[in-house]
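Worksheet: the structure to be examined is printed underneath.
The values are calculated or read from the model by the stated rules, or taken from the named source; none is laboratory data. The model shown is predicted, which means the values in this text are computed figures rather than measured ones. Cβ coordinates were reconstructed from backbone atoms using ideal geometry, including for glycine residues, and neighbour counts include every protein chain displayed. For accessibility, only protein heavy atoms count, side chains too; no ligands or nucleic acids. Shrake-Rupley method; radii C 1.70, N 1.55, O 1.52, S 1.80 Å.
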Amino acid sequence: MTGETANRLINEKSPYLRQHAHNPVSWYPWGEEAFREAGRTDRPVFLSIGYSTCHWCHVMERESFADEETARLMNETFISIKVDREERPDIDAHYMAVCQLLTGGGGWPLTVILTPDKRPFFAGTYFPKE
């Protein structure tokens, strides 16, 4: 189920980001505002990178990001950032390299947990809700 209220992605130019604009996750687009808020609230950043034709990106969106309980936990624990890899290949390439170094593999959706100063400490790809 998606929320009635739009999050910060509603005015983004990327159709992929706008697809997540009614998720109950309090998404931020990539930018300093999100990292400032992470520092201010002393919460890690949940970075999710995907693209519009990615099957598993859509599965994770339906299973997790559109789920009220998962969104509640994410909103309490993280500052969540959604990135379209086609719009920001620079961010995707950087954090994909991190994922490959940490796990030996990669793919999308790409999930990376960062400190507020952008230092990654956990990475992976698709994570099911359970």
**Prompt:** For the chain, what is the charge dipole size about the Cα centre, in debye to the nearest 20, if Lys and Arg each add +1 at the Cβ and Asp and Glu each add -1 at the Cβ?
**Reply:** 200
**Prompt:** Excluding same-chain residues fewer than 8 positions from residue 13, which lysines have a Cα within less than 21 Å of its Cα?
**Reply:** 82
**Prompt:** Does the range 2-48 come out rounded, prolate or oblate, given a ≥ b ≥ c as the square roots of the eigenvalues of its C-alpha gyration tensor, rounded meaning a/c under 1.5 and, failing that, prolate meaning a/b above b/c?
**Reply:** prolate
**Item:** For the range 109-124, 3J(HN,Hα) per residue [Karplus equation, 6.51 cos²θ - 1.76 cosθ + 1.60, θ = phi - 60°, Hz, x = Gly/Pro]
**Value:** x, 8, 10, 9, 9, 10, 6, x, 9, 6, 8, x, 9, 7, 8, x
**Item:** Rounded FRET efficiency, nearest 0.05, which uses the C-beta distance separating residue 100 from residue 129 and R0 of 30 Å
**Value:** 0.75
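With the contact rule set at Cα under 8 Å and sequence spacing of 6 or more, what percent relative contact order holds for the chain?
Relative CO of the chain lands at 29 percent.
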**Complete:** Filtered hits (aspartates and glutamates, Cα-Cα < 20 Å from residue 129, offset >= 8 within chain) -> 61, 63, 67, 68, 69, 76
**Prompt:** Once amide H atoms are placed 1.01 Å from N in the peptide plane, what residues at a sequence separation of 5 or more from residue 122, or on another chain, have their amide H within under 5 Å of its amide H?
**Reply:** 113
**Request:** For residue 76 and residue 41, calculate 0.36 nm times their separation in residues minus their Cα-Cα distance, and state this gained length in nm to one decimal.
**Result:** 11.6 nm
**Prompt:** Can you pull the percent of the chain's accessible area that's carbon plus sulfur, 1.4 Å probe, other chains left in place?
**Reply:** 53
**Request:** For Rg/Rh (Cα atoms, Kirkwood Rh), several values are listed as (i) 1.09; (ii) 0.92; (iii) 1.02; flag the one computed from this structure.
**Result:** (ii)
